[in-house]
Amino acid sequence: MATLRVLVIEDDDDLRTVSTALLRAADYEVDAAACAEDALALAARNRYDGVLCDMMLGESNGLDVMEAIKGIQSQAEVIIATGYASVETAVSAMRRGAFQYLAKPVNTQELLLLMERATRKSRDAFDKDLMAERLRRRDAEHGIRGLVAADDAMIEAIAEARDIAVIDKPVFIHGETGTGKEVIAQLVHRASARCDGPFNVLNCGTLTENLVDAELFGYVKGAFTGADQSRPGIIAASHEGTLFLDEIGDINPAAQVRLLRFLESGVVRPVGSTREERLDVRIVAATHRDLPAEVSAGRFREDLYHRLVVFEVELPPLRNRPADIQPLVEHFLSSMDRTEPGTWSVSTEAVKLLQQQPWNGNVRELRNETERAWLRAQRRGSTRLEPVDFRLSASAPERPEDFAGYGPIPMSQAELLHVRHVLNLCDDNRRRAADVLGVSERHIYRLLRQAQTLDEVESK
């Protein structure tokens, strides 16, 4: 950690010398000023974690100096010291932004304790702001497409992902296909201490059984026919970074065993090699499958499941996020047309039409529909998307009023039908529906993820 830097502002030469020597002996880098002008000049050139400022500086007021310094560098924490102690001056100092108030003669141990707390708070705030700015720059330079949210549930999921990101443990993302699981995985990576390391993606659902080991762990030359040279696996390529394993529910049982061993030991052995390699990789996994059900059915290892699901992020389907429709469409339009920003828009009537759709393909399907509508609007000579540009039904799919016509169905499906019905009556307001049902919003999200969709039930 870099040396903490403090500024002592004191017009008494002896007190300034003593305070400076005391803080330097405590391993602080110390600058000193005898007047307000010198202090502000130093603050304009250097960043300070802590400031010890006298209340009376000749004709200057220490509180005014404190405010001026915090105007230059807001993270600096200022301790006010004065020989004219009173409750009124203490309250005034704290209200105007002082970290703490010390009465003269200053107690040495009290000063050191307060300065330690003040500089720690300042450095934490500075590091947080630095990380936020770093993320903003990375977003601007390597913007993550699709991180758009206006719906409360999605905003909460994004906030949860950011909070989880700083804890270097595996993360599991739940959500239907097309809800943006890879986007959230990228967010977890960018908001973590691994943000400068690699971020790699492996879709386990696209791999044949005999390719999984080679893709994950790599292979050495001659390991199998066609292996004319050694090749590192995607785990090795993700060293000191993040590996997103999409559709982890499709990985074969043999590869599950070897992946579990890596998660437990951090060690991999390339195919055909006798040597092991220790690697540092954070795993973020996702699947559209009901993984607990896959565990119960014996198709997915329970021990691997618990290794992967240390922290969870749940992404609600787009049909439950009507507030996200318009900002998502506007985001897609801005990326499609490279002319003047804000040229393209979507009408209120078109937004209402889009909000009525089931969006079984979620955000991915909405993007495809927006691209097609964009082309049709261009043919009309318009830069505004209207309902006529979308080839969609003008009414929402009908919802069952009861279970008539379904015959005997499992309790889980009956619960799903009832939840869908209540959501429909509540205009898809999940909070209101949760109140009516007497359950939490999270229970509704989990049920919608784990159970079959209503359309699947109706098709039986």
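Data for the structure
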quantity	calculated
Footprinting exposure proxy for Trp374, Trp359 (fewest neighbouring C-beta atoms within 10 Å first)	Trp374, Trp359
Taking the C-alpha atoms of the range 152-314, convex hull volume expressed per residue in Å³	107 Å³
Val201 long-range amide H proximity, modeled H, under 5 Å	Phe244
Long-range HN-HN contacts of Ala81 with modeled amide H, under 5 Å	Cys53, Asp54, Met55, Leu102
Loop chymotrypsin sites (Phe, Trp or Tyr not before Pro), the range 48-102 (other Cβ atoms within 10 Å of the site Cβ: 10 or fewer; DSSP)	Tyr84
Ranking of Ser192, Ser334, Ser265 by count of other Cβ atoms within 10 Å, fewest first	Ser265, Ser334, Ser192
Loop-resident sites, the range 252-315, for GluC sites (Glu not before Pro), counting at most 13 other Cβ within 10 Å (DSSP)	Glu276
Relative contact order (percent, whole number), the range 207-315, Cα cutoff 8 Å, 6+ residue spacing	28 percent
Under 5 Å, built H, 5+ apart or other chain: amide partners of Glu314	His174
Residue-wise HN-Hα coupling along the range 107-115, computed from phi with Karplus coefficients 6.51, -1.76, 1.60 (Hz; x: Gly, Pro)	6, 4, 5, 5, 4, 5, 5, 5, 5
Calculated over the range 318-389: convex hull of Cα atoms, volume per residue (Å³)	76 Å³
Gain on full stretching of the segment that runs from Ser335 to Thr348 - 0.36 nm per residue minus C-alpha separation	2.6 nm
Largest-first ellipsoid semi-axes for the range 5-130, taking √(5λ) over the Cα gyration tensor eigenvalues, angstrom	19, 16, 15
Most to least packed among 175-187, 16-28 [average Cβ atoms within 10 Å]	175-187, 16-28
Trypsin sites (Lys or Arg not before Pro) within the range 259-327: DSSP coil, no more than 13 neighbouring Cβ in 10 Å	Arg275
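Read-outs throughout are calculated quantities, based only on the coordinates presented, and are distinct from any laboratory measurement. Please read these numbers as outputs of a predicted model, since none were measured by experiment. So basically every Cβ, Gly included, is an ideal-geometry build from the backbone, and we count neighbours across all protein chains shown.
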